[in-house]
Amino acid sequence: MVVSKTSTLMNLAIMGRLELLRDFYGTVRVPAAVRRELVIHGKGKPGSEAIAKAAWIQTHVAQNQYLVTVLREHLDLGESEAIALALELNATLILLDESEGRRIADLYGLTNTGALGILLKSKKRGVIPSLKDEMDKLRHEAHFWISEPLYEKLLQAAGE
């Protein structure tokens, strides 16, 4: 079971690669705050229509509002709800791109990855021909920041 925060879904949707998540994981669950960010507040923004139409992205309400409140001291509402939901659903993976969210997910023992991890997995499985091209699209189309050392490390991991 996979739970996602806003950024990974939006970044992959902007670059036309949202289907990678469906192909790898089937259903992706998002908390209510993330659905609002993506579909209501994000209406008209690049990628939001593709996400709104994706029936395989299901909304769930995080029940542990105490944990959400505690997490809000360090994270935004979407990240807080996503971590709480991942714990409640005993998710095998949580999709987060922000470093602080990933750090806190690690503290709770949650396995996490983000858009770059999905793209690297896609390259290793032969789903995409070039990680470099996809990371460049992510940078230019989604305005995703990737440090040069990380960029080079990922290319090396992909054998490019």
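Output wanted: per-residue J couplings in Hz (rounded whole) for the stretch 112-124, from phi through Karplus 6.51 cos²θ - 1.76 cosθ + 1.60, θ = phi - 60°, x for Gly and Pro.
So the Karplus estimates, Gly and Pro as x, are 9, 8, x, 4, 5, x, 5, 5, 5, 4, 4, 5, 5 Hz.
Residues of the stretch 22-86: accessible area per residue at 1.4 Å, in Å²? Spell out each step's value before the answer.
Details: 3400 Å² over 65 residues.
That works out to 52 Å² per residue.
What's the lysine pair count for the chain at a Cα cut-off below 21 Å, pairs eight or more apart or interchain?
19
Would you please report the Å³ per residue occupied by the convex hull of the alpha carbon atoms in the stretch 34-150? Don't skip to the answer; put the middle values down first.
Values: hull volume 15.8 nm³, N = 117.
Given the Cα convex hull of the stretch 34-150, per-residue volume reads 135 Å³.
What whole-number value in cubic angstrom gives the convex hull volume per residue for the C-alpha atoms of the stretch 72-131? Walk me through the numbers before you get to the answer.
On the way: hull volume 5.2 nm³, N = 60.
Value for the stretch 72-131: 86 Å³ per residue.
Local charge sum around TYR66 (other residues, Cβ-Cβ under 14 Å, Lys/Arg +1, Asp/Glu -1)? Each step should come with its number before you reach the end.
Numbers: positive: ARG72; negative: GLU73, GLU81, GLU88.
Residues close to TYR66 contribute a combined charge of -2.
For TYR66, TYR151, TYR25, TYR108, give me the order by solvent-accessible area with a 1.4 Å probe, most accessible first, ignoring ligands, DNA and RNA.
On the way: TYR66 175, TYR151 15, TYR25 60, TYR108 95 Å².
I get TYR66, TYR108, TYR25, TYR151, largest accessible area first.
With θ taken as phi - 60° and the coefficients 6.51, -1.76 and 1.60, list the Karplus ³J(HN,Hα) couplings across the stretch 12-26 in order, rounded to whole Hz; mark glycine and proline as x.
Per residue, the Karplus-derived 3J(HN,Hα) values read 5, 5, 4, 8, x, 10, 4, 4, 4, 5, 4, 5, 7, 10, x Hz.
Taking the chain as the reference, fit the longest principal axis to its C-alpha atoms, fit the long axis of helix 148-158 to the helix C-alpha atoms, and give the angle between the two in degrees, 0 to 90, nearest 10.
It works out to around 80 degrees.
Using helices alone, I'd like the mean residue ellipticity at 222 nm for the chain: each DSSP H run of four-plus residues gives -39500 (n - 2.57), total over residue count, nearest 500.
Numbers: 10 runs with 86 residues, N = 160.
Computed mean residue ellipticity for the chain: -15000 deg cm²/dmol.
The values are calculated or read from the model by the stated rules, or taken from the named source; none is laboratory data. Predicted, not measured: the structure shown is a model, and the values here were computed from it. Virtual Cβ from ideal backbone geometry, glycine too; neighbours counted across all protein chains shown. SASA here: full protein model, heavy atoms, side chains in, ligands and nucleic acids out. Shrake-Rupley method; radii C 1.70, N 1.55, O 1.52, S 1.80 Å.
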